[in-house]
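Chemist: One structure is given below, represented as C-alpha cells, and several questions about it will come after.
Laboratory data are not the source of any read-out in this text; all were calculated from the coordinates shown. Computed from a predicted structure; not experimentally measured. Neighbour counts run over all protein chains shown; Cβ positions are idealised from the backbone, glycine included.
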Amino acid sequence: MSTRPDFSACLDPRAFVRLAAVLARDPGADLFLSGAGLAGETLGLAGVRPVSELIVGPRTRTHELKEFCFSGPGPALGFLGYPFGLGLRGLAGFKTSLFPLGHLKKYAAILRHERGAHRLDLFCADPILRREIVDLLGVGPGPGPEPGLEPVHDPGGPAARPEALQQSLSREGYIRGVERVLERIRDGDVYQLNLSIRFSAARPDLDPADLFFHLLSANPARFYALFSSGPRRLVSTSPERFLRVADGRVLSQPIKGTLRFDPAEGPTRARVRELLASAKEDAELSMIVDLVRNDISNNCEYGSVRVDGHKSVFAVDNLLQMYSNVRGRLRPDRTCLDLLPDAFPGGSVTGCPKGRALELIEDLEPHCRDFYCGCFVMIMDERNMDSSVAIRTACHDADTGELCFYAGSGIVVDSDPDREYRETLAKAEKFLELTRT
C-alpha cells in the first residue's frame, strides 16, 4: 500500500459504520473496527476483495508469515489461532479441529478511517473497484458527507429460533476442573491457569454481519473484527490488546481482574474500589504483567521494558476489568513478527509459567480452542502492527449453521470454583442471549 491514498474524504463515524455495513454484505470484505467513545482507539480498517491469502497450517513457519506480510503492498489482516501457539512451543495438540491454525489476507482495496479526524482514506490501485467504493459514499472529497446507506438489521431476523445450548463443560464439570487446577497450584505446578468452556448452538438463520453491527452498537469494545475464513465468519468483540508496535514502540495491555456490575447502577466508584481492593484480582493481574514483561523482553532493547498504569480499570460488557500497560522498544534487528510469535499465545489467556499452563490446559479442557485465545492482527510493515486477544469472540459456520463461542476465567490459589463459573458465564453473556428461547 502506498503512503498516499488514492481517494480521501471527510466522513463522520456513523457514516463510516453505515458504509462498513454495506461492505460487510460481501463475504470478501473483512472489518477491524473500534467501538465509539473509546479513548485512543479510533482507527478502523476494512479490507475489500482479497487478492492473496496465507492459510496457516502445522508446517507453516515464522519466516513464511514474514514473507507473506512484508512482501508486496498493503497491510495483512487476519487471525492466528490458539493451536498455532502450541506448535510454536513444540506441543502437539491432539484434539480434533477443522479450523485453520491461522488465516491472513491482502486486499485489492483498503479503507482506513480515523474517527477523531473524521477522515476516510481509500487505497486501491484498481480504478473500477475504487469507483464502486466511492459511489457507495455518494460524496466527493471534502466536508459534509450525507451517505444514504442501509441500516443495520436485528441479528437473526424475525424468524430466529434459538436451539438448545451445548457446553463442553457443565457447571459441575467446570467446578471440578477448577478444583483440579487448584490442586496443581497448591502442588507448585502452576501459579495461575485460565480454564475455558466452549458453547455452541444451531443458528442457521443467524447473519454474522448483522450480529457484528448490533453488538458494535449495543456493546462497544476496543477491538471489533468481522473476518471470513472459508464458510466460517468470525465475530470478535475483544476488549483486550495483545501487542501493538508503532514505529518500533511496543505496547501490551493484558487484562486480569473482573467484577460484574448491575447495568441499572452502572460502574459505580464503590464497585471500582471493591475491584481494586481485591487481593485475588490483584494477584491475577500482577502475575500476568510479569509474564508479559518476560514475553516481550527478548525482542526489546535492553532496559526499555517498563510498566505503567498498573491496575487501571475500565468498563465493558457490564464488567469492570483491570489492566496494565507493558511497554518496550523493539530492537533494531527485530520485526513485529519476531515479537508476536515469541509472546504467543497471550499470557492472560494461558497462565504462568506459560509452558506448563499450556500443557495443563490441553489436559483439562475437553475442547479445542481453535480461534479462541489466539489473536486478530493488522500487520502494516516490519515495525508497525496491532493485535487483539481473541476473547468475547464467536464463529458462525454457514455450512453447518452452528454458532460457537467460548469464555474462561483465570484461576489462582484463592479462587472460588462457583464464583469462577459465574464469572465465565458473565463474560459470555452477550452471546448466550442469542441461544435463549
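Chemist: Report the FRET efficiency, 1/(1 + (r/R0)^6), for Asp262 and Phe70, where r is their Cβ-Cβ distance and R0 is 35 Å, rounded to 0.05. Mind dumping the intermediate values first?
Modeler: Values: r = 48 Å, r/R0 = 1.38.
My answer for the efficiency is 0.15.
Chemist: Moving to a separate point now. Using DSSP to call loops (not H, G, I, E or B), can you name the GluC sites (Glu not before Pro) in region 246-305 whose Cβ has at most 12 other Cβ atoms within 10 angstrom?
Modeler: Details: sites: Glu265, Glu274, Glu281, Glu284, Glu301; in loops: Glu265, Glu301.
Answer in residue order: Glu265.
Chemist: Sort Glu382, Glu365 so that the residue with the fewest other Cβ atoms within 10 Å of its own Cβ comes first and the one with the most comes last. Could the numbers behind the result be given before it?
Modeler: Numbers: Glu382 17, Glu365 20.
Least crowded to most crowded, the residues run Glu382, Glu365.
Chemist: I would also like to ask the following. Just to be sure I follow the rule: in the chain, considering lysines 8 or more places apart or on different chains, how many pairs have Cα atoms under 25 Å apart?
Modeler: 16
Chemist: Also, I was wondering about something else. Using Rg/Rh (Cα atoms, Kirkwood Rh) as the read-out, say which of (1) 1.01; (2) 0.97; (3) 0.95 was calculated from these coordinates.
Modeler: Entry (3).
Chemist: Testing the spin-label approximation: label points 7 Å from Cα along Cα→Cβ at Lys311 and Ala270. State their distance in nm.
Modeler: Each label point lies 7 Å from its Cα, and together they span 2.1 nm.
Chemist: Calculate the FRET efficiency for Asp205 and Asp333 from the Cβ-Cβ distance with a Förster distance of 56 Å, rounded to the nearest 0.05.
Modeler: Calculated value: 0.60.
Chemist: Okay, helix-only estimate at 222 nm for the chain: each DSSP H run of n ≥ 4 adds -39500 (n - 2.57), divide by all residues, round to 500 deg cm²/dmol; what do you get?
Modeler: Details: 12 runs with 127 residues, N = 437.
Calculated from helices alone, the mean residue ellipticity at 222 nm is -8500 deg cm²/dmol.
Chemist: Within the chain, what's the longest stretch lacking trypsin sites (Lys or Arg not before Pro) that sit in DSSP loops with no more than 16 other Cβ atoms inside 10 Å?
Modeler: Details: sites that count: Arg25, Arg59, Arg61, Arg89, Lys95, Arg436.
With a cap of 16 other Cβ atoms within 10 Å, the longest stretch comes to 96-435.
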